[in-house]
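What follows is a single structure, written as C-alpha cells, with notes after it.
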Amino acid sequence: MALLLKNNAVFLHIPKTGGNWVRKVLEQQKLIKREIGHKHCDIDRVLYDPYLTVNPIRSTSWVMSGRKPTYPQPYTFCFVRHPIAWYESWFNYMTKRGWNDWPHRKGPIDWHPCAPLNKAANTDFRIFIYNIITQQPGYVTQLYSWYTKRGVTYVGKQESLVEDMIRILIDMKVDFNEQEIRDLSPINVSSSSTNSLSWDSQLQDEILKLEHSVLRQYKYATQTVS
C-alpha cells in the first residue's frame, strides 16, 4: 500500500523501484501511521482517500470524487530507476511469478499501474520489448508521471536508494537510526541476472529515444546501456 507516515508525509510506491526496502525501513524506524489504498496508489488516488471518516488528504483533481481540495498537498516521496533497468526488472519479475493480467479499472483500489503492459507479455525478452515499443511507447515515462506530475516533494533513485532514503528522513526532520538503515539488506531482488537478458541494440536505442524525457529529467545516461 501507499503509506501515510506519523508526520503525515506520504510514500508512493512505484513498482520495481526499491519500494519494499523503503517500506521495511519505515517499519523498522516506526514511522508508519497507516496504509493508503492500493499498494501502488499514484498521487491522485492517494490525495483522494475515500476510506477515512477524518480525511487529512484530498485531491485537487481526482475526477471520481467531485470534491474541491480541502487540505494542502502533503510531503510526498517516491523512487524511480533507469528505464532500461526497469524493463529488465519487470520482465524478470513477471517471468518468475508467471505472466498474468493486472486489473485496469480506473477506481482507487481495483487498479494496477502496470496493467497497460498486459498485452505486451511474452517470455522472450526481445519480443516483450518490441511489444512495448509498438503498444505502449514511453511507458516508464508515463508510469513515473502518475506519481510525480503534481510536484512530489522528493524523487529518489533506486540506484542510490540508501543515501536518498536517508536524505528524505533528514529532510522530514524525523528521528531515525542511520546505521540500522545502512545495515538493512536488499529486499525482493530478482534472482534472475539482468546480464542474462539479451538486448537488441536497435530496440534498446528506440527505448532510450521513447524514454528520453524521463532520462533527462532524472539525469540518467541517454546513450546505449551495455
Answer from VAL54, VAL63 - the residue that is closer than 23 Å to ALA115 by Cα and modelled with pLDDT under 95 = VAL63
Filtering the range 139-154 down to residues that are touching a helix residue (DSSP H, G or I) at 6+ places or on another chain (Cβ under 6 Å) and aliphatic (A, V, I, L, M) yields VAL140
Among (1) under 16 Å from the mean Cα position of the chain (by Cα); (2) over 21 Å from LYS24 (Cβ atoms); (3) modelled with pLDDT of 95 or more, TRP146 falls short only on (3)
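Which of the following residues is among the β-branched types (Val, Ile, Thr) and closer than 30 Å to ASN8 by Cβ: ILE133, ILE166? Working first, answer last.
Numbers: ILE133 fails: closer than 30 Å to ASN8 by Cβ.
The match here is ILE166.
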Hey, among the residues in the range 30-51 that are at pLDDT 70 or above, in contact with a Leu (Cβ under 9 Å, 6 or more places away or on another chain) and crowded, with 17+ Cβ neighbours inside 10 Å, which one's nearest to TRP86 (Cα to Cα)?
-> HIS40
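The values are calculated or read from the model by the stated rules, or taken from the named source; none is laboratory data. Keep in mind that what you see is a predicted model, and the values were worked out from it rather than measured. Don't worry about glycine lacking a Cβ; one is built from the backbone with ideal geometry, like all the others, and counts go over all protein chains shown.
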